[in-house]
Amino acid sequence: MAVDVQTTTVTAPAAGAVRRALVVDDERVQRLIVAGTASKAGFIVDSAASVEEARALLAQHAFNVVVLDLSLRDNDGIELLRSLYTGGTDPVLVFMSGFDERVREASARLASALGLRVAGTLAKPLDLDRLVTLLGSLPERPHIAAPPNYADVTPDRIAAALTNGEIFCLYQPKISLRTGRMVGVEVLARWRTTSGDIIPPIAFIPVAEAAGLIERLTWVVLEQAGAALRDWHAIDPTLTMAVNFSPSSLNNLGMPASVIDLLDRYHLAPETVVVEVTESAVMADFVTAAEILTRLRIRGVKVSIDDFGTGHSSLLSLMRLPFSELKIDQSFVRSLLHDPESPKLVQAVLRMCEALGLSVVAEGVETQPVADALLALGCDVVQGYLFDRPLSYTDLTRRLAAQGTA
Ligand code: C2E
Ligand code: CA
Ligand code: CA
């Protein structure tokens, strides 16, 4: 098909306007079948047999959807992905391929990572009913609310907040799916400003880290949390408490002794306290981190890998450290039911942890089907809004008293 390339300004289709589809496939018959199906589904359809033809058409028209064959004669369909977003329009993608499911899903993930929307993937031979379903439910780009402006979160204000007691802790329960009981809590910092606004940690932790204030903040949090855990042990002495540590704490060889000192002052059994660190924090200075984590473990304190799966660390190096727990990141948990790879990865992680004697916590459980899937995979302990949001000291105390002793 000869395409006459013209330089035109492509504008996104107006709401309610006719919808336009681009079919990219080097096999003529497939192209005709898909184009015919899209046309019946109410689209104006253009077809391209190669990446070049597709690029030319994308420069001329605004498309709502691009149905893309992953294996084209001269190059692969993936090549087109980068051109898609830069063209000024923002079509939804449907992938087709004779490759196995893993290749199709990896392509969908790649597209999502590039910021593109993906309606779904189709195996060949094509299931035309599924194509019609996908074309009929193209995902909208979610309306992202403008993030609140925390430009006034300055190191000076954080330093003052630390001095004035404006930093406080919330506690999110960790739940055993098998027993339904709260088995521990994670401490999450918040900042209540003098005007009453609550500022989330994402807005002030990075500033505190960059300004060298994070060690002070960690200890303000630990003192409050230590006192709280001492109170809660009167109700349930087995309750554990996890505290988030920043990368700089893994650089401070005095840290384990300070933690032990705090445990002594609040009469806390070391095995009820969990130090949470991220993969990347460990990798920043591996040898020092290894020393600190080992010292904590020797004293009985537990250590946990937070946000597992988001870093790019060597799995083998990571697994040689004396971790007692691994937290599966929310991104895997959230995709459990719609990304066929996710349950396999979660299962592999569970098996590895079982072999190494690590306990596992799944984070970000928001729905019952996800909790059911995790339990079926053999994951017991979870955290998430389905069960509890982070709670105040008072609410957590009430929650703990209500569940009684085990
Ligand atoms: P994190 O350690 O991964 O903590 C889990 C975050 O996920 C918390 O956000 C929690 O409120 C949120 N979360 C829990 N369940 C769900 C759920 O079902 N759905 C969703 N969408 N989110 C859920 P939060 O409290 O805003 O904390 C964000 C991050 O800030 C933490 O991520 C941690 O990295 C950091 N942070 C919080 N407190 C501290 C602290 O005292 N020290 C340090 N260094 N970092 C902290
Ligand atoms: Ca954490
Ligand atoms: Ca986490």
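Odds and ends about this structure:
- Answer from 359, 258, 304, 335 - the residue that is modelled with pLDDT under 95 and not hydrophobic (A, V, I, L, M, F, W, C): 335
- Residue list for region 219-248, filter: in a helix (DSSP H, G or I), buried (at least 18 other Cβ atoms within 10 Å of the Cβ) and within 16 Å of ligand 3 (Cβ to nearest atom): 221
- Residues that are in contact with a Ser or Thr (Cβ under 7 Å, 6 or more places away or on another chain), more than 14 Å from ligand 2 (Cβ to nearest atom) and either among the small types (Gly, Ala, Ser) or modelled with pLDDT of 95 or more (or both) within region 271-292 comprise just one, 272.
- The lone exception for residue 218 - which of (1) more than 11 Å from residue 153 (Cβ to Cβ); (2) of a type in the set (S, T, N, Q); (3) away from ligand 2 (no atom under 16 Å from the Cβ) it fails: (3)
- Boolean, residue 234 is assigned by TED's automatic domain parsing to the domain that holds residue 397 and touching a residue at least 40 places away in the same chain (Cβ under 8 Å): no
- Considering region 49-166, the qualifying helices (runs of 4 or more DSSP H), each wholly inside and each with 1 or more residues that are more than 29 Å from residue 36 (Cβ to Cβ) and at pLDDT below 85, run over 78-86, 101-113.
- Residue check, residue 195 farther than 24 Å from residue 394 by Cβ, of a type in the set (Ser, Thr, Tyr) and either out of contact with any His (no Cβ under 8 Å at 6 or more places or on another chain) or within 16 Å of ligand 2 (Cβ to nearest atom) (or both): no
- Selection from region 293-313 of residues that are within 13 Å of ligand 2 (Cβ to nearest atom) and surrounded by fewer than 18 Cβ atoms within 10 Å (Cβ to Cβ): 310
- Qualifying position, being within 23 Å of residue 209 (Cα to Cα), assigned to a helix (DSSP H, G or I), within 15 Å of ligand 3 (Cβ to nearest atom) and β-branched (Val, Ile, Thr), among 282, 274, 303, 259: 282
- Test: residue in region 198-205 that is closer than 27 Å to residue 263 by Cβ, of a type outside the set (Phe, Trp, Tyr), near ligand 1 (Cβ under 9 Å from one of its atoms) and free of Cβ contacts under 8 Å to residues at least 60 places away in the same chain: yes
- Members of region 276-292 that are closer than 20 Å to residue 240 by Cβ and crowded, with 22+ Cβ neighbours inside 10 Å: 277, 278, 292
- Close pairs from region 369-391: first more than 10 Å from ligand 1 (Cβ to nearest atom), partner of a type in the set (Gly, Ala, Ser), Cβ under 6 Å, at least 6 apart: 374/362; 379/362; 380/176; 381/176
- Considering residues of region 284-317 that are over 18 Å from residue 255 (Cα atoms) and hydroxyl-bearing (Ser, Thr, Tyr) only, the residue nearest to the chain's Cα centre (by Cα): 310
- For residue 317, the conditions (1) within 14 Å of ligand 3 (Cβ to nearest atom); (2) small (Gly, Ala, Ser); (3) more than 29 Å from residue 101 (Cβ to Cβ) all hold with the exception of (1).
- Among the residues of region 115-133, just one is in contact (Cβ under 8 Å) with a residue 40 or more places away in the chain and in contact with a Pro (Cβ under 8 Å, 6 or more places away or on another chain), namely 119.
- Count - residues of region 318-375 that are part of a loop (DSSP other than H, G, I, E, B), over 20 Å from residue 177 (Cβ atoms) and under 16 Å from the mean Cα position of the chain (by Cα): 2
Yes or no, residue by residue, for (1) under 21 Å from residue 360 (Cβ atoms); (2) within 12 Å of ligand 1 (Cβ to nearest atom); (3) aliphatic (A, V, I, L, M); (4) touching a helix residue (DSSP H, G or I) at 6+ places or on another chain (Cβ under 8 Å):
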position	(1), (2), (3), (4)
232	no, no, no, yes
246	no, yes, no, yes
255	no, no, yes, yes
268	no, no, yes, yes
299	no, no, no, yes
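- Every pair of residues 6+ apart whose Cβ atoms lie under 6 Å, when the first sits in region 288-317 and is under 28 Å from residue 333 (Cα atoms) while the second is aromatic (Phe, Trp, Tyr): 303/323; 305/323; 309/332
- Applying the criterion of being more than 16 Å from ligand 1 (Cβ to nearest atom) and either within 30 Å of residue 385 (Cβ to Cβ) or aliphatic (A, V, I, L, M) (or both) to the residues of region 307-332, the residue that is modelled with the highest pLDDT is 324.
The values are calculated or read from the model by the stated rules, or taken from the named source; none is laboratory data. As the structure is a computational prediction, the values presented were derived from the model and not from experiment. Backbone-built Cβ (ideal geometry, glycine too); neighbour counts: all protein chains shown.
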